[in-house]
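Here the structure comes first, spelled out in structure tokens, and everything after it is commentary.
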Amino acid sequence: MTDSTRLAAGDTAPEFTLTDQDGAPVVLADFAGAKVLLYFYPAAMTPGCTTEACDFRDSLGSLAAAGYTVLGVSRDSPAKLKAFQERDQLSFPLLSDTDLAAHNAYGAWGEKNLYGKIVTGVLRSTFVIDEAGVITLALYNVKATGHVASLRTKLGLDI
């Protein structure tokens, strides 16, 4: 994957319609006028993805108070996302992107170094989208542990 496929601050957030953990459609346009934290993660119920999701869950109150809605996206089926949500009491939408359309639109799918081997897969990424649908922050290849705290610092929120 080349950097040219990546999004950057100032880009318009690509539109999507994805299915959530309950089988309901979620459309990015429905969040117009609100700030969105859209994060892509490799797989529900894996250790790193659980850590990241629980960090978002634990910060949800302060993120919501600052006007942010959190949306998590993975390749998992809605049924697996529902199990993940229930197991870890995740109180924000988990979106299924089995055909990778949103992953590709956001540059969150591509080559990465996994334990010294180049593989193609999900690039753990987070996008901050403003009320007008413009990306204000695009973070690629973030670490699961400590990512939410780092994001909160970048957003100027108290830790």
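Every number here is computed from the coordinates shown, using simple stated rules; none is lab data. Bear in mind that the values here come from a model prediction, so they are computed numbers and not experimental data. Using ideal geometry, Cβ is built from the backbone for each residue, glycine included, and neighbour counts are taken over all protein chains shown.
Tally time: how many residues in region 87-108 are part of a loop (DSSP other than H, G, I, E, B) and either polar (S, T, N, Q) or within 27 Å of L60 (Cα to Cα) (or both)? Total meeting the criteria: 11.
Pairing each residue of region 26-45 that is farther than 17 Å from V128 by Cβ with any residue that is β-branched (V, I, T) and part of a strand (DSSP E or B), provided the two are 6+ apart or on different chains, yields C-beta distances under 8 Å for V26/T17; V26/T19; V27/T17; P42/V122; A43/V122.
Scan region 1-25 residue by residue and report those that are of a type in the set (S, T, N, Q), free of Cβ contacts under 8 Å to residues at least 60 places away in the same chain and part of a loop (DSSP other than H, G, I, E, B). Quick ask: steps written out before the conclusion?
Filtering region 1-25 for residues of a type in the set (S, T, N, Q) gives 2, 4-5, 12, 17, 19, 21.
Adding the requirement that they be free of Cβ contacts under 8 Å to residues at least 60 places away in the same chain leaves 2, 4, 17.
Within region 1-25, T2 is the sole residue that qualifies.
Here E111 fulfils each of the conditions (1) acidic (D, E); (2) outside any loop (DSSP other than H, G, I, E, B); (3) free of Cβ contacts under 8 Å to residues at least 60 places away in the same chain apart from (3).
Among the residues of region 20-41, write down those that are surrounded by fewer than 18 Cβ atoms within 10 Å (Cβ to Cβ) and either touching a helix residue (DSSP H, G or I) at 6+ places or on another chain (Cβ under 8 Å) or of a type in the set (S, T, Y) (or both). If the condition is that a residue be surrounded by fewer than 18 Cβ atoms within 10 Å (Cβ to Cβ) and either touching a helix residue (DSSP H, G or I) at 6+ places or on another chain (Cβ under 8 Å) or of a type in the set (S, T, Y) (or both), then D22, G23 are the ones that fit. Scoring A53 on the criteria (1) farther than 22 Å from L157 by Cα; (2) outside any loop (DSSP other than H, G, I, E, B); (3) in contact with an Asp or Glu (Cβ under 7 Å, 6 or more places away or on another chain); (4) of a type outside the set (S, T, N, Q) leaves a single failure, condition (1).
Counting the residues of region 26-44 that are of a type in the set (S, T, Y) and either touching a Pro at 6+ places or on another chain (Cβ under 7 Å) or not in a loop (DSSP other than H, G, I, E, B) (or both) gives 1. Selection of first residues in region 124-138 that are under 28 Å from L114 (Cα atoms) and of second residues that are outside any loop (DSSP other than H, G, I, E, B) and of a type in the set (D, E), restricted to Cβ pairs under 8 Å at least 6 apart or on distinct chains, gives the following pairs, ordered by first then second residue: R124/E52.
Going through A64, A83 one at a time, which residue ends up being touching a strand residue (DSSP E or B) at 6+ places or on another chain (Cβ under 9 Å), hydrophobic (A, V, I, L, M, F, W, C), surrounded by fewer than 17 Cβ atoms within 10 Å (Cβ to Cβ) and assigned to a helix (DSSP H, G or I)? Steps first, please.
Working: A83 fails: touching a strand residue (DSSP E or B) at 6+ places or on another chain (Cβ under 9 Å).
Every option except A64 fails the conditions.
Yes/no matrix, rows are residues, columns are (1) of a type in the set (A, V, I, L, M); (2) in contact with a helix residue (DSSP H, G or I) (Cβ under 8 Å, 6 or more places away or on another chain):
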residue	(1), (2)
T50	no, yes
T69	no, yes
L81	yes, no
Q85	no, no
G116	no, no
L155	yes, no
